[in-house]
1. Note the distances from B:Arg244 to each other copy's matching label point, with points 7 Å along the Cα-to-beta-carbon direction, in nm, sorted shortest first.
2. Calculate, in nm to one decimal, what B:Gln237 and B:Arg353 gain on full extension: separation in residues at 0.36 nm each, minus their alpha carbon distance.
3. Per-residue HN-Hα couplings for the stretch A:251-258, Karplus 6.51 cos²θ - 1.76 cosθ + 1.60 at θ = phi - 60°, whole Hz, x for Gly and Pro?
4. For helix A:40-49, report the angle its Cα long axis makes with the longest principal axis of the Cα atoms of chain A; keep it between 0 and 90° and round to the nearest 10°.
5. Extension gain B:His270-B:Gln192, at 0.36 nm per residue separation less the Cα-Cα distance, in nm?
6. Can you tell me the length gained on complete extension of the stretch B:Asp120 to B:Arg185, counting 0.36 nm per residue apart and subtracting the Cα distance?
7. Inside 10 Å of the C-beta atoms of B:303-315, what's the mean count of C-beta atoms belonging to other chains?
8. Please list, in order along the stretch B:224-240, the HN-Hα scalar couplings obtained from phi with the Karplus expression 6.51 cos²θ - 1.76 cosθ + 1.60 (θ = phi - 60°), rounded to whole Hz, x for Gly and Pro.
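All of the numbers you see were taken from the coordinates with simple rules; none came from a lab. These numbers come from a predicted model, not from an experiment. Methodologically, a virtual Cβ is constructed for each residue, glycine included, from the backbone with ideal geometry; neighbour enumeration extends over all protein chains shown.
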Protein chains: 2
Amino acid sequence: MARGRLHAVILAGGAGERFWPASRQKRPKPFLRVVDGRSLLEATHSRARRFASRDSVWVVCGTEHARAVRRVTGLPAARVLVEPRRRNTAMAVAFAAQHIAAHDPEGVVAILPADHRIPDTKAFADAIRRAARAARAEGALVTLGVTPTRIETGYGYIQVGEAVGRAHPGLRRVRRFVEKPSPARARRYAKQGGFLWNAGIFVFRARSILAEVERCAPELHRALGPLRDSPRARTGQAVERAYRRAPSLPIDVAVMERSRTVWTLPVSFHWSDVGTWLSLAEELGVSPGGTKVLGGDLLFDDRGGNLVWGDRRAVALLGVEGLAVIDTPDVLLVTKLERSPAVRTVVVELKKRGRTDVT
Amino acid sequence: MARGRLHAVILAGGAGERFWPASRQKRPKPFLRVVDGRSLLEATHSRARRFASRDSVWVVCGTEHARAVRRVTGLPAARVLVEPRRRNTAMAVAFAAQHIAAHDPEGVVAILPADHRIPDTKAFADAIRRAARAARAEGALVTLGVTPTRIETGYGYIQVGEAVGRAHPGLRRVRRFVEKPSPARARRYAKQGGFLWNAGIFVFRARSILAEVERCAPELHRALGPLRDSPRARTGQAVERAYRRAPSLPIDVAVMERSRTVWTLPVSFHWSDVGTWLSLAEELGVSPGGTKVLGGDLLFDDRGGNLVWGDRRAVALLGVEGLAVIDTPDVLLVTKLERSPAVRTVVVELKKRGRTDVT
């Protein structure tokens, strides 16, 4: 097996709350066929294969999804890293980095959330390769920064700093990460320029990120102890012990925002995290008068501007616009598209009530 | 069998278009359990039994509903008058009157639409009896006029004339019938007084209405020829021939509006024709903030003011108000309550497209 390869690590650990009721605990968002006729995980897997060889693609996922991940991606069990409990992305990334470092100490890792949409896979793979060159040569943690195309309050932003130098054209230092902004602030970013969307796509050497975990996130570093002792463990006691102690933090917060070696590669291909029914509607081109139908049989719709996620049932809409109608075999959701990002609160409320049957 | 009895004729011939998709061609509105936990037909049947003896209750319905009518009401086949095709209420009433006159020439008939809601059955039966006394003694066609409780554009109105005399206290002559008014006109009626809602509930001697059919609706009279020749026919050739020639007209238009012997009995009990999802919502007390659920499991509803007709599916509403969500096993309707009276146009459109599977 070649060493110092470029690996793809697909993070498929989501809870499936924001696409409820289509997504459920048992079938989270990466498994939904929301766009392009295939699941987001399938699409992410083929994107990964544009730059990573067959034996360099990995998926991190929860126990309950491991079987489905293997079915969808065709990956062998050895490259599906199963998390015994959910501990957010910092732990998922560290687990994968530790494991890959044990097999390929010089390996470079690209972290790909399983639930994004990036239609231009070639531009994407080119960007990852450029980021990987910088990561390999300079030990940088590189994050892709998407050039904003609208005023958007649903994403975090990256403020870019100076160019890193002639050896890596296009790459910039990161001045700071900023959380999802207010509308006023988002408008300011758009006017001012120099702000990119933080896509949550990172490229680094496995050993670089582990070193930065040690420096920036000591609690996480300690939790990884059992994995350092059994570096090839993929399941079992060592993994269980590590996860039991791991803090639940996003990798952005735990490491990227604190590290001094973070660079960004500005990219301008179309990217969406398809995060809510609203953003899916935008992604599909729902517009005043234009309804989009994902499955099912739309019998009637006199207003338009709706998003219909159909099941076997036929659907008729009369006098309504700007709605998402999400029809699943056991649960029906009707929501204003603009309010749909709050669907997470519905799921949280239902879980609180013990309604595991519908969450 | 006593003669000159008071008969109840329940008209159950509706097309089920306005409660679509809960009501269908095969299961029209009288068979739906929309209020009070039983079907409107069941409720109408028990209302009829308050003033009519067991062997004086009749139902007129379409071929496809005869079996269900007998199951719901327990009536023998001999008192279910089956229409071989739909020809609106004038023909249904004439058919029943002809048939009843053959059995009971002095019989008085009360015409009851099968799909109204009248909770106070005692007040209702008292009114029918009073109307029947006038109909029997004077040969009048008596229509119940409901005292309006709001400005309403969904009903036809009756303008009342002078009192008919001391022999029949409360009964008034009808000055004219008026079609569903504009909002401005409805407001004027409310201000001016002297207007009642035309409830479509009529009381007359069977022979009186047949005589008025002859005078006011000669085409209908001619169509009845085969039934006059075979007055006890309930099915078969004579009925088929009569229906083939019968014009399709409401009894109001064909006879009541043209007759000179029409009286009205003003009543003030609660009455609703539960004609649309909107009027059902009002009937059930849907209000801003207050959602009503007919079946199904409402998981979440942050705004309220909705009407949910549930099936086995659980329903969640987020950020929506003033909607009707009508969920049936094969068709889902989402409509603004205020637009729901237009659901008929959806059904008409679907029938035009040949979608008998969903109508």
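1. 8.7
2. Extra length available between B:Gln237 and B:Arg353 comes to 38.5 nm.
3. 4, 4, 6, 5, 10, 4, 6, 9
4. 30 degrees
5. Result: 25.9 nm gained on full extension.
6. 20.4 nm
7. That works out to 3 on average.
8. Once θ is set to phi - 60°, the couplings for the stretch B:224-240 become 6, x, x, 6, 5, 6, 10, x, 9, 5, 10, 9, x, 4, 4, 5, 4 Hz.
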